[in-house]
Every structure is written in C-alpha cells, then in structure tokens.
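The structure appears below as structure tokens.
The values are calculated or read from the model by the stated rules, or taken from the named source; none is laboratory data. Because the structure is predicted, anything quoted here is derived from the model rather than measured. When we count neighbours, we look across all protein chains shown, and the Cβ atoms used for this are built from the backbone with ideal geometry, even at glycine. These accessible areas exclude ligands, DNA and RNA; they are computed on the full protein's heavy atoms, side chains included. Shrake-Rupley method; radii C 1.70, N 1.55, O 1.52, S 1.80 Å.
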Amino acid sequence: MNSAAKRLLLTLLACWQGVALAAPQVSDAWIRWLPGDLPLAGYLTLHNPDARPHTLVAVHSPLFRRIEIHRSLAQSGVARMQAVARLELRPQGQVSFSPGGYHLMLFGRAQALRQGQTVELLLQFDDGYQLRAPFAVRPATAR
Amino acid sequence: MKRVVWPLVLALVLAACGDAPSPARLRDIGALLPPLTFTLHDGEARTRRAADFAGQVVVLYFGYTHCPDICPTTLARLAGLVRRLGAAAARVSILFVSVDPARDTPAVLHAYAEAFGPRVVALSGSQEQLGALARRYRVSYGLGPADGDGQYEVSHSSAVFIFDPRGRARLLATAEDSDADLLAGIQGLLAAGGNERWDGAR
C-alpha cells in the first residue's frame, strides 16, 4: 500500500472512530425474567455524547416477536402504560429506562430465556444508526 | 373501544389526611377500610379465603402477570423487604391479586408467584369475586383494547394495602414510600401481635 492510500485509510479510520464516539451508547442494560411467555421489561441507560440530538425510534431482536418502548405512569394511584413512538436524546444527555418509568416491553419469546444469560437487542436511531446492546437477564426479584 | 378507568382518589385523600401521628409513616387506613375479606383461588386452583391468613401480616397488591414493569417491580420490592425480616418473614404473606383472570389461569399464577419466592401468593377469582374485593378497598381496574396479538393492558391500582394479623386494614403504601418506611410499617404490625383474634370474615 502506498503512503497516499495509507493516509486515506487512516483518515477514514479516524473519521469512523469520530462517528462511533459521538454515537449513542448504552450502559446498565438488563431484562427482568418472568416465567412462561409473559411480556418482559428491559431497562438501560442511553447516553448521547454527541453535540446533536439522537432519537431512538425502534428496538429489534430475533429473540422477540415485538419490542415496544413504553413508559409507566402512576396517576392518582392507578398504574398505566403509555407507548412511546420516539425518544429523543438531547446533546450530551442521557435517558434512564428504569423500573416504574421508561422500559422496553418485550413480547413473544422465540426461545426460552435463562436467568444469567445475556441477550443482544438492536437499537435503531432516526439517522439510521444501529446499536447492538447486550442485556443481562436477571431474576424476577432483581431491583 | 377503550374502557376508560377513572383513577382512585383514595391515595390522594389519604395522603391529604396522612399527617395524623403514625409510627410507620405510611398512610394509616385503620379507620377507613374494612377488615380483610375475600374468596379467591390460588395457583393450585384451591379456594383461598382471607381467614386462611389469620395470624399473618398481609400485604395486598392488585395487578396482572402480563404487566412487565410496575407489577414485578412492586413484587420484587415487597419480596426483598420481607426477606430482610429473617425468621419473621414466615409471618408475612404478600398476596398478589390478578384482576385479569382470563389470562391468569392457576398455572400462570403458580409460576408467577414461584418466581418471587415463598412469601408471595398469587390469587385470582371470578369477576364477581374480584369486583367484591376491589369495591371493598375502593380499587378500580379496567381492561384496555386488545392489539393485533390479542394483548391488552390492564390499568390497576398501584397501592399496597397492609393488614395486621387480625385482618384489620392498617396501612397504605405507594411506590413513593421508602423501603425503610415500608419495612418499619410491616415490623410494627408484626410486633403489635394480636394473633389470637381475627376480625375479617371467616
């Protein structure tokens, strides 16, 4: 490889890394296990290190028939859920999906899940960016 | 069609009058709600009545198993707190009453209760039985519209009702109450004793 090609490759790499660094990231991702084929909740924290907003628009996994973004609301003593179509991450912001608030609702397991297992979900953003995030499957009693 | 469920205002009303001295710091419902009375069935399809729990502190919560967030979060919290009581945990029963008997068959209830440990008993009943219990504690619930998969949401009270070993309604807790207050509330009722009597229905 000649030096011009090397330089181009390095530039491209740096560029790609820059994109990767500025893209949304996930931490503390877990799923609360429940028996049978009951719908499950997934929790995580989404970080946006970028100077511009990113919007989560969908979550997919071949392990589940359907995944929705939900938010629990407790209004005047009644618990309800609300579907969330899009969730914007502000620049340098973060959003916590945690028990009693935002959560992923996972419907229809394609296969049995074990506690202690890790499963991967694909988070899709409005600009086409896709993020693979590992979720730990924790017991029903996890807090 | 969506059956609109209007929220229970009890929690708010009780919160407003919650300044009366109560060692437990949870809402004192002793004068407001009647003693524990119900006829339901458990995960073995056995009939269970309130009097079966005489001598126990009963922690009563309404929900449904297809609820992925609030219900398991509440049960995980309650089961975790009761586990911290050590040997005294055997004198506490957490009753999870499913208001969704169509999906929550005894087999589903059994597996669900098991996932939360030995102090959780999952119960359900006929619409009449559930309605009677819900009315008794002024709890509302309702079924939302089914989606393409036949899944539907059930709105339900998020309150936790706590009864003393005599079956008297004593405390009301919500997600906003701290673990320490909840634990102190349960411990206070355990310490007060009164196991020799039962005030609920037989």
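With a 1.4 angstrom probe, the accessible area lost at the B-A interface totals about 2500 Å². Using the alpha-carbon positions of the protein assembly as shown, Rg (one decimal) and Dmax (whole number) come out as 23.3, 92 Å. Considering only B:A51, A:V57, B:G193, the residue lying farthest towards the positive end of the dipole of the protein assembly as shown is B:G193, judged by Cα position with unit charges set on Cβ. Relative contact order of region B:7-192, taken over Cα pairs closer than 8 Å and 6 or more residues apart, is 33 percent.
So what's Rg/Rh here for region A:12-143, counting alpha carbon atoms and using the Kirkwood radius for Rh?
So for region A:12-143, dividing Rg by the Kirkwood Rh gives 0.99.
Think of chain A as having a plus end and a minus end, set by charges on the Cβ of Lys, Arg, Asp and Glu; of A:W33, A:A22, A:L46, A:W33 sits farthest toward the positive end of this dipole.
Placing +1 on the Cβ of every Lys and Arg and -1 on the Cβ of every Asp and Glu, with no other charges, gives chain B a dipole of roughly 560 debye about its Cα centre. The figure for B:I70 is an accessible area of roughly 30 square angstrom, using a 1.4 Å probe on the protein chains alone.
What does DSSP give for the protein assembly as shown in terms of the percent of beta bridges that are antiparallel, rounded to the nearest 5? Mind dumping the intermediate values first?
Numbers: 59 of 73 bridges.
The answer is about 80 percent antiparallel.
Take every pair of alpha-carbon atoms less than 8 Å apart whose residues are at least six positions apart; their mean separation over the length of chain A yields a relative contact order of 29 percent. Peptide A:78-91 shows a mean partner chain C-beta count of 4 within 10 Å per residue C-beta.
Mean partner shielding of peptide B:69-81, defined as the number of other chain Cβ atoms within 10 Å of each residue Cβ, is 6. Paramagnetic label reach from A:V57 (point 7 Å along Cα→Cβ; backbone nitrogen cut-off under 20 Å): within region A:95-111, residues A:95, A:104-105.
The mean number of Cβ atoms from other chains found within 10 Å of a Cβ in peptide A:34-42 is 6, as a whole number.
Only the Cβ atoms of Lys and Arg (+1) and of Asp and Glu (-1) were treated as charged; on that basis the dipole of region A:22-138 about its Cα centre amounts to roughly 300 debye. Charge dipole of the protein assembly as shown (Cα centre as origin; +1 on each Lys and Arg Cβ, -1 on each Asp and Glu Cβ, all else neutral): 240 debye, rounded to the nearest 20.
Mind running the shape call on region B:95-136? Use the C-alpha gyration tensor, a ≥ b ≥ c as the square roots of the eigenvalues: rounded below 1.5 for a/c, prolate if a/b tops b/c, oblate otherwise.
Oblate, because a/c is 1.5 or more while a/b does not exceed b/c.
Using just the helices of the protein assembly as shown, give the 222 nm mean residue ellipticity in deg cm²/dmol: DSSP H runs with n ≥ 4 each add -39,500 (n - 2.57), and the total is spread over all residues, rounded to 500.
Working: 6 runs with 75 residues, N = 345.
Estimated from H runs of four or more residues: -7000 deg cm²/dmol.
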